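S.K.: Quick one: the structure is below, and I'll ask about it shortly.
Derivation of every value follows stated rules applied to the coordinates shown; laboratory data play no part. Model, not experiment: these values are computed from the prediction. When we count neighbours, we look across all protein chains shown, and the Cβ atoms used for this are built from the backbone with ideal geometry, even at glycine.
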Amino acid sequence: MRATIVLPAGSARRDLLSARGWRVIARSFGARLDAALIDRNRLTRLVRRIDGRASVRELGTDDVEAVLTLDSTTIQDYPGSVATQHAPLVRSTAEPTDRRRAFGAFEPSAFSSR
């Protein structure tokens, strides 16, 4: 049985292991925003493209139920391979923190009461 290793796509080890006969068995489709690499101008332009159609804002504790609902609704969308494992969220993992911030886009009807 061969071991499984999860590596970032740009890892130098990936090329080395590939040359030794290792193969990619799964890919992750996850997205993550690294604040150190942020292009504020590009993000601002993207947010402006949805003006009037939706509101983008940081999520807070009032949004936990909506996050849990979205997670349970989309849980079947995760392929479940080594690169895309996803344990269903619970209240403590759905709540944003200072170290784990989250943002969401809301239709006008969802944010008009805020």
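S.K.: Give the residue from TYR78, ALA94, ALA26 lying farthest towards the positive end of the charge dipole for region 4-101; charges sit on Cβ (+1 for Lys and Arg, -1 for Asp and Glu) and the dipole is referred to the Cα centre.
M.R.: Projecting each Cα onto the dipole axis, the largest value belongs to ALA26.
S.K.: Using a Förster distance of 25 angstrom, determine the FRET efficiency expected from the C-beta separation of GLU65 and ILE38, and round it to 0.05. Each step should come with its number before you reach the end.
M.R.: Values: r = 29 Å, r/R0 = 1.15.
The pair GLU65/ILE38 has a calculated efficiency of 0.30.
S.K.: One quarter of the convex hull surface, Cα atoms only: what value does that give for the chain in nm²? Display every interim value, and only then the final one.
M.R.: Values: hull surface 40.8 nm².
Here the figure is 10.2 nm², rounded to one decimal.
S.K.: In nm, to one decimal, how far is the VAL56 label point from the ARG14 one, both placed 7 Å along Cα→Cβ?
M.R.: Between VAL56 and ARG14, the simple spin-label model gives 2.5 nm.
S.K.: Using +1 on the beta carbon of Lys and Arg, -1 on that of Asp and Glu, and nothing else charged, what's the dipole of region 61-110 about the Cα centre, debye to 20? Don't skip to the end; give the middle numbers.
M.R.: Numbers: 4 positive and 8 negative charges, 52 e Å.
With Lys and Arg at +1 and Asp and Glu at -1, about 240 debye.
S.K.: Once the Cβ-Cβ distance between ILE75 and ILE5 is put in as r, and R0 is 25 Å, what FRET efficiency do you end up with, to the nearest 0.05?
M.R.: Efficiency computed from Cβ-Cβ geometry: 0.45.
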